[in-house]
Amino acid sequence: MTSRRRTALSLGALLLATACTSAPDRNSAAPAPPAPAEEPAESPSPPLAVRSLTSAEVQSGWWNWAAGSTADRSPVLDRSGRWCAQRQHENIWYLAGTTGGGVVERTCTVPVGLPVLFPLVTRFGEAADCETFMDTAEGSATLDGAPLAAEPLGATRIKLFGAAGNPFGAELSGKNTWSCGLWVRLDPLTPGNHELTVRGEAGDPEITVGVDYHLRATAPTPTGGV
């Protein structure tokens, strides 16, 4: 056998061996498809834009919260802050004033991430009652020593659902009424301790409000009250 033929046979054997080793194995498992991309985690709902609430949403929301508790668990009659979390909503945190009787001191935990809403002084009744009430209504509030803006909200039609034995002494089951007052809207508090003072008064009828709040803003966010 010539040298050239031996070389050709050797090359042919090499090519055949390469083809055999590179051919796919029909009995081997097919490669796994790429894993699908993970679903993006749902981002938490943003806090309620408390500053965009209408007068009806502000006043109806607060009054139905305040009138929804019996007198023995009322945040309005509370002298210490024990009932601050009573019946709170998931997307807004309400604070109560008082019905007179001097300044009270309350210690309350407020969830981080929720806006805060409260009146300096407010009432419900007839539309004409609100006109005379707002003529004499005044008040102020400070947070950590800085004054807060008070917003007058005039006579606004609301529907009020109160618990039996609520602190306002009236039958409020689906009552159509009017509300008015001076209100404060706060963006969510920063974590930590805060001092809030609330003062309000009006002359017709005569109402005085005074609360010194010691607030602690903490996480996680509660989903309701006791």
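I'm trying to understand the selection: among the residues of the range 50-61, which are open to solvent by less than 10 Å² (accessible area, probe 1.4 Å) and within 19 Å of residue 163 (Cα to Cα)?
59
Among the residues of the range 159-171, is there at least one that is under 24 Å from the mean Cα position of the chain (by Cα), open to solvent by 50 Å² or more (accessible area, probe 1.4 Å) and in contact (Cβ under 8 Å) with a residue 60 or more places away in the chain?
yes
Before we move on, is residue 198 in contact with a Ser or Thr (Cβ under 7 Å, 6 or more places away or on another chain), part of a strand (DSSP E or B), at pLDDT 95 or above and not basic (Lys, Arg)?
no
Looking at residue 134 and the list (1) open to solvent by 40 Å² or more (accessible area, probe 1.4 Å); (2) hydrophobic (A, V, I, L, M, F, W, C); (3) outside any strand (DSSP E or B); (4) closer than 20 Å to residue 64 by Cβ, which single condition is not satisfied?
Against the list (1) open to solvent by 40 Å² or more (accessible area, probe 1.4 Å); (2) hydrophobic (A, V, I, L, M, F, W, C); (3) outside any strand (DSSP E or B); (4) closer than 20 Å to residue 64 by Cβ, residue 134 comes up short only on (4).
Report, by residue number, each residue of the range 172-187 that is crowded, with 19+ Cβ neighbours inside 10 Å and farther than 21 Å from residue 202 by Cβ.
186
Kindly indicate which of 107, 122 is part of a strand (DSSP E or B) and loosely packed, with under 15 Cβ neighbours inside 10 Å.
Numbers: 122 fails: loosely packed, with under 15 Cβ neighbours inside 10 Å.
Selected residue: 107, the only one of 107, 122 that is part of a strand (DSSP E or B) and loosely packed, with under 15 Cβ neighbours inside 10 Å.
Conditions (1) at pLDDT 95 or above; (2) in contact with a Phe, Trp or Tyr (Cβ under 6 Å, 6 or more places away or on another chain); (3) closer than 20 Å to residue 213 by Cα; (4) among the aromatic types (Phe, Trp, Tyr), marked per residue:
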| site | (1), (2), (3), (4) |
| --- | --- |
| 120 | yes, no, yes, no |
| 129 | no, no, no, no |
| 132 | no, no, no, no |
| 138 | yes, no, yes, no |
| 153 | yes, yes, no, no |
| 156 | yes, no, no, no |
| 163 | no, no, no, no |
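The values are calculated or read from the model by the stated rules, or taken from the named source; none is laboratory data. Source: prediction; values computed, not measured. Heads up, the Cβs are rebuilt from the backbone with ideal geometry, glycines too, and the neighbour counts pull from every protein chain shown. These accessible areas exclude ligands, DNA and RNA; they are computed on the full protein's heavy atoms, side chains included. Shrake-Rupley method; radii C 1.70, N 1.55, O 1.52, S 1.80 Å.
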